[in-house]
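Participant: Got a structure here, written out as structure tokens. Questions coming.
The values are calculated or read from the model by the stated rules, or taken from the named source; none is laboratory data. In this text the structure is predicted, and so the values were computed from the model without any measurement. With ideal geometry, Cβ positions are generated from the backbone for all residues, glycine too; neighbour counts draw on all protein chains shown. Keep in mind that these areas ignore ligands, DNA and RNA; they rest on the heavy atoms of the full protein, side chains included. Shrake-Rupley method; radii C 1.70, N 1.55, O 1.52, S 1.80 Å.
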Amino acid sequence: MSTEIATLDDTPEITYCVPVMNRLGDIQRTVAHNLDVLTDFEGAARLLIGSFDKTDECQRWVESQFPSALQLGLLQFHRFPPLPFWHFSWAKNAFAGMLESRYYSSLDGDNFLTTKDVGQTLSLISDKTQQFLIHHFSGTWGDGTSGRISIPVDLYDSRPYPDDILPRQFDEIAVILALLAKRENLVFVSRCGVNIFEQSKWIRQFIESNRINIRHWDRDLGHVHSPLNPRGEDYVESDEAVSHYHRLNANYVLWKLSQSESARQKFEKPLIEAQRAFCRSSRCYAKLEILFRGLRKTSLKRTSEITLYTVNRNNRAFIQPWLDHYRRLGVQRFVVVDDGSSPPLETLMDAQDVHVVIPRFGTFRTSKVFWMRVLMGAFQEPGTWVLTADIDEFLDLDHAGTQAAPNPLAGLLKLADARGWSHFPALMLDMMPSIHYRELTQDNFLELMDLHLDRPIDESFGYQEHSSVKWAFGDRWPAAFSADIRYRLFGTVDCLRKIPLVRFTDTLDLNQGFHTIVLEGHEPALRDLLPMDRGLLPLRHYKLAKFFLERKRADGGFERTEQYFGRTQRNIARIARADVDYVWRSWASSPYKRRYQGASGFRYYCGLGDGLRAQETDAASRVEAV
């Protein structure tokens, strides 16, 4: 709701936008001063207050105190729908599409304008042959001025403040860096002697890594009128929550804005470390709503229930079979992060044992395991068991020998508890069709993709020399080689080791692909992750169902490559480019097929060592080529 106002005779050159929520006390002390400053510029500048309050108290105060300014159009007021909590980026983006002026300028509710600052800004932007990004920062972090920027409205209307970061810290720096990276001709203006590219290690590293050339001018913007609520230079380090927000937002923004894979890699590891550190802080769980929406619709609470945590986007054909399968295994609860599904997963997964939340921070590639680890920390009792499985992954267990237990999972975990085990490794089996791929449908692929590769050991290929194979399997590599159909058909090498079942502890960290676990900052040795005297669980994987099924669509879609890290991203792209008919013929002609017989027929289920020894002499029947 906006107040009724008259329009200025001339369209203003710049609008100072003031977003506020529950800050009436601040604007009661700043608005009159700022209007006095703008009055000197004869309609060239306007003040626009945007309120996110639940009540109209702020609006009524403004209308009662400044009727003339409202009537003249020197002042505007707009009421926005209340935010669930204060978020700088959301609030600052809210004026997009509303401004009549050529330039937007951010102004916090406790900020004061000065005549010199406004005059110099208007003088700069009067040069219409240039576009300016003006940073009104005093040069002292924490004094409340670093968030003040002025940019052309055509750039502002793209909503440049990142909406997928935490509520505060690094929002205005994100805008500055994004615009400088994309707009080579943009002129960056700062106060004389203020150079954020030298003052900030984050900014300096980003500029250097992305080789950005900056047209930097400095101008005398006059003295700085201190804001009402300066925090001090050490405010980031002195506040635990703000310190975490700063590390997370800075590394995520710098990763996201980087122009090349090599530049992004400089920020990936620090971002992962920042996310892990936040998971270990009580601050992470104090306000979960800043990380997820949808929590209020769930009945989630901390329990000992065997819970499966996953992230999914779309994949509707898998949802019901996947839920049914894991319920039969004994999963008691599902916590699902919806990564942008259409329609939303909550409309498709509305059973009482399924809880769907939507992330507010990060992307799948950077934050998938962060989302899941936060949810585990919030809703899982330490010492209890959790599963992690993608929507196209089906873990199988043998109920034989554990009939006294109510379900396969209960029997297996009873054995684990008795023997002191804390995790179960698995081998990912890419399932392949036993019929022509053109006969596959969304309804029959789970039934008809019932084969997997099972070829003899052959050292001559050099498979065992690949770094990912060495890391994941070491001298146990024949187990992966025998089943790796993607290596056979596409020449790609991905990690087939998974750790889908683990005992949750507060010191647990997760790996992006769940290929390993990290305990107290250390990854267990291979002999502990893949002990020879324990079984390896079969994990049926139906990613190639999408390869065959999606090729029947006009767009030939397969998988979003941008959601994966470097090697996996390249491998997915390579698979997507492959000729489906050639791939099918290669598979059809292979003599090394095995019909999947469940966990009981999986050679490594009862012991990895025994399975490897049996593999050397195994002459099990092969399915005839289709």
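Participant: Using a 1.4 angstrom probe on heavy atoms only, work out the carbon and sulfur share of the accessible area of the chain in %.
Facilitator: That fraction is 46 percent.
Participant: Okay, next question. When every alpha-carbon pair in segment 205-307 is counted, what percent end up more than 24 Å apart?
Facilitator: Across segment 205-307, Cα pairs with separations above 24 Å total 52 percent.
Participant: Working from the pairwise distances between different alpha carbons, so that the mean of 1/r is found and then inverted, what is the chain's Kirkwood radius in Å?
Facilitator: 27.7
Participant: Roughly speaking, what % of Cα-Cα pairs in segment 316-368 are separated by over 17 Å, rounded to a whole number?
Facilitator: 40
Participant: Rounded to whole Å and sorted largest first, what semi-axes of the equivalent ellipsoid does the C-alpha gyration tensor of segment 79-144 yield via the square root of 5 times each eigenvalue?
Facilitator: 24, 18, 11
Participant: If packing is taken as the average count of other Cβ atoms within 10 Å, what order do 361-370, 569-578, 523-532 fall into, highest mean first?
Facilitator: The most tightly packed comes first, giving 361-370, 569-578, 523-532.
Participant: Now, a different point. Using the Cα atoms as the points, what is the convex hull volume per residue of segment 437-542 in Å³?
Facilitator: 145
Participant: To the nearest 20 debye, what is the magnitude of the charge dipole of segment 325-410 about its Cα centre, counting +1 on the Cβ of each Lys and Arg and -1 on the Cβ of each Asp and Glu?
Facilitator: Around 260 debye, computed over segment 325-410.
Participant: Calculate how many DSSP beta bridges within segment 118-247 are antiparallel, expressed in % of all such bridges and rounded to the nearest 5.
Facilitator: So the antiparallel bridges amount to about 20 percent of the total.
Participant: Still on this model: Give me a comma-separated list of calculated 3J(HN,Hα) values for segment 251-265, in order, Karplus coefficients 6.51, -1.76, 1.60 applied at θ = phi - 60°, integers in Hz, x for any Gly or Pro.
Facilitator: 5, 5, 4, 5, 5, 5, 7, 4, 8, 9, 5, 5, 5, 4, 4
Participant: Taking only the alpha carbons of segment 254-376, what extent do you get along each of the three principal axes, in Å, biggest first?
Facilitator: The Cα atoms of segment 254-376 stretch 44, 34, 25 Å along their principal axes.
Participant: Determine the sum of side-chain charges near GLU305: Lys and Arg each +1, Asp and Glu each -1, restricted to other residues whose C-beta is under 11 angstrom from that of GLU305.
Facilitator: Summing Lys and Arg as +1 and Asp and Glu as -1 gives +1.
Participant: Computed FRET efficiency, Cβ-Cβ of TYR592 and ILE212, R0 60 Å: what is it to the nearest 0.05?
Facilitator: My answer for the efficiency is 0.70.
Participant: Then there's this: Specify which residue in the list LEU508, LEU48, LEU612 is farthest towards the positive end of the charge dipole of the chain, using unit charges on the beta carbon of Lys, Arg (+1) and Asp, Glu (-1), about the Cα centre.
Facilitator: Value computed over the given set: LEU612.
Participant: Let me ask you something else. Taking a probe of 1.4 angstrom, what is the accessible area of HIS216 in Å², to the nearest 10?
Facilitator: 70
Participant: In addition: Rounded to the nearest 20 debye, what is the charge dipole size of the chain about its Cα centre when +1 sits on each Lys and Arg Cβ and -1 on each Asp and Glu Cβ?
Facilitator: Charge dipole, the chain, about its Cα centre: 1520 debye, nearest 20.
Participant: Among LEU446, ALA286, HIS246, which residue has its Cα furthest toward the positive end of the charge dipole of the chain, with +1 on Lys/Arg Cβ and -1 on Asp/Glu Cβ?
Facilitator: LEU446
Participant: In the structure shown, do any of LYS470/LYS593; LYS128/LYS201; LYS201/LYS368; LYS266/LYS546 have a Cα-Cα gap over 30 Å, and if so which?
Facilitator: LYS128/LYS201; LYS266/LYS546
Participant: So for segment 345-403, taking the charge dipole from beta-carbon charges (+1 Lys/Arg, -1 Asp/Glu), which of THR363, LEU345, ALA389 sits furthest toward the positive end?
Facilitator: THR363
Participant: Next question, about the same structure. Give, rounded to the nearest 20 debye, the magnitude of the charge dipole that segment 178-296 has about its Cα centre when Lys and Arg contribute +1 at Cβ and Asp and Glu contribute -1 at Cβ.
Facilitator: 500
Participant: I would also like to ask the following. Looking at segment 127-247, I'd like the Rg to Rh ratio, where Rg is from alpha-carbon atoms and Rh is Kirkwood's inverse mean 1/r.
Facilitator: 0.95
Participant: Could you tell me whether segment 384-498 comes out rounded, prolate or oblate from its Cα gyration tensor? Rule is a ≥ b ≥ c as square roots of the eigenvalues, rounded for a/c under 1.5, then prolate if a/b exceeds b/c, otherwise oblate.
Facilitator: Oblate, because a/c is 1.5 or more while a/b does not exceed b/c.
Participant: Hey, another quick one. Need one value: the accessible area of ILE134 in square angstrom, 1.4 angstrom probe, rounded to the nearest 10.
Facilitator: Roll a 1.4 Å probe over it and ILE134 shows about 0 Å².
Participant: Hey, rough spin-label estimate for SER226 and ARG585, points 7 angstrom out along Cα→Cβ, what's it come to in nanometres?
Facilitator: Taking the two extended label points, one gets 7.9 nm.
Participant: How many Å² of accessible area per residue for segment 122-212, probe 1.4 Å?
Facilitator: So segment 122-212 comes to 38 Å² accessible per residue, rounded to a whole number.
Participant: Quick one: which residues, 5+ away or cross-chain, put their amide H under 5 Å from the amide H of GLN380? H built at 1.01 Å from N.
Facilitator: Amide H neighbours of GLN380, under 5 Å, 5+ apart: THR303.
Participant: Another question, if that's okay. Local charge sum around ARG476 (other residues, Cβ-Cβ under 15 Å, Lys/Arg +1, Asp/Glu -1)?
Facilitator: Neighbourhood net charge equals -1.
Participant: Now for a different question. Name the shape class, rounded, prolate or oblate, that the alpha-carbon gyration tensor gives for segment 63-102, where a ≥ b ≥ c are the square roots of its eigenvalues, rounded holds for a/c under 1.5, and otherwise prolate holds if a/b is larger than b/c and oblate otherwise.
Facilitator: Here segment 63-102 falls in the oblate category.
Participant: A follow-up question, please. Taking the full set of protein chains and a 1.4 angstrom probe, give the accessible area of ILE203 in square angstrom, rounded to the nearest 10.
Facilitator: 0
Participant: Quick one: if you stick a label point 7 Å off each Cα along the C-beta vector at SER299 and GLU100, how many nm between them?
Facilitator: Those two pseudo-labels are separated by 5.4 nm.
Participant: Nearest 5 is fine: what % of DSSP beta bridges in the chain come out antiparallel, could you say?
Facilitator: Percentage antiparallel, nearest 5: 40.
Participant: OK, next. State the antiparallel share, in %, of DSSP beta bridges confined to segment 280-397, rounding to the nearest 5.
Facilitator: 10
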